[in-house]
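Input: a single structure, listed below in structure tokens.
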């Protein structure tokens, strides 16, 4: 049995867990929007070099126009708009709650893929998705937010998180359409990243915020190392893994496996940040693992 899509989905969660921690810190140093703009530049640079080494062309110019259209739309919606909402959510409500809201993407993605492209799930897959998402929700909701978290900030962060989940879902569905047949995830990622970078920087220049973005880095030069690391882990390795996942598995299944960062972050919170982990978090983790097992059996 071929588990490439499922394994890639799990790998995506690991990469996204690491990048959530990194970009939460950079977002608090220079702002979420500056983080979003700069990490795209780093990621595009990495992908141009990678494509030169692997395919002897900086960008997949040999790809047919339909791939460019689907993948460019996916990049703008998923990487520019969706991730802009995600970074704002991470800054407002933290990495774990932001990740929980992002886990709505499998639900959105399954509905969109079914409505527009006729992609369906069997009963065991639906059960697996339901178990995994319930477990993820249980893990995150068992975490106590700081008592001084402003209500307005939390509410705004929740809205941004929901929009991030919708943006990721649309981006994944469009990516799947752009990767029909055999097409390298690194090449697809380069197209998405190029479109996202152009879109976000045209928007930034139009708003007159390019200078402020550069100034924020000059005031916090140490942030460049974190941005460079985060861009490699998340937008390059993580996004490429996510594209491989949707190429070989249903959007709902792949995006559910990508929604596991809250569960993966649980031991990090406990052992590194010394947070207490209650029985609810452990039970939620076991439930999520059960859902993931069902997705592999399906």
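Things worth noting here:
- The stretch between residue 111 and residue 127, if pulled fully straight at 0.36 nm per residue, gains 4.2 nm over its current Cα-Cα span.
- Rounded if a/c under 1.5, otherwise prolate or oblate - segment 109-222, Cα gyration tensor axes: oblate
- Distance between modelled label sites at residue 206 and residue 120, nm, 7 Å Cα→Cβ extension: 4.2
- Secondary-structure-derived ellipticity at 222 nm for the chain, considering helices only, amounts to -25000 deg cm²/dmol, per-run term -39500 (n - 2.57) for DSSP H runs with n ≥ 4.
- Residue among 53, 277, 236 with the largest mean-square fluctuation in a Gaussian network model of the chain, springs linking Cα atoms under 10 Å: 53
- Largest GNM mean-square fluctuation among 185, 235, 221, using the chain with Cα springs under 10 Å: 221.
- If R0 is 30 Å, the Cβ-Cβ spacing of residue 198 and residue 229 corresponds to a FRET efficiency of close to 0.80.
- Mean Cβ neighbour count within 10 Å, used as a protection proxy, ranking 5-13, 82-90 highest first: 82-90, 5-13
- Extension gain for residue 64 to residue 41 (0.36 nm times residue separation, less C-alpha to C-alpha distance): 5.8 nm.
- From least to most packed, judged by other beta carbons within 10 angstrom and beginning with the fewest, 248, 270 follow the order 270, 248.
- Cα centroid separation - segment 21-65 against segment 219-290, whole Å: 19
- For the chain, built as a Gaussian network whose Cα springs stay under 10 Å, the top-fluctuating residue of 287, 54, 224: 54
- Among 263, 217, a tally of other beta-carbon atoms within 10 Å of each Cβ gives an order, fewest to most, of 217, 263.
- Prolate/oblate/rounded call for segment 215-298, Cα gyration tensor, a/c under 1.5 rounded: oblate
- For segment 30-72, the equivalent ellipsoid derived from the alpha-carbon gyration tensor has semi-axes of 25, 15, 5 Å in decreasing order.
- Efficiency of FRET from Cβ geometry, residue 57 and residue 154, R₀ 45 Å, rounded to 0.05: 0.45
- Exposure proxy ranking, count of Cβ atoms within 10 Å, fewest first, for 141, 258: 141, 258
- Full extension of the chain segment joining residue 2 with residue 218 gains 73.0 nm, where the gain is 0.36 nm per residue of separation less the Cα-Cα distance.
- Gyration tensor (alpha-carbon) shape descriptor, the chain, a/c threshold 1.5: oblate
Every number in this text was worked out from the coordinates using simple rules, so none of it is lab data. What you are looking at is a predicted structure, and each value in this text was computed from that prediction instead of being measured. Backbone-built Cβ (ideal geometry, glycine too); neighbour counts: all protein chains shown.
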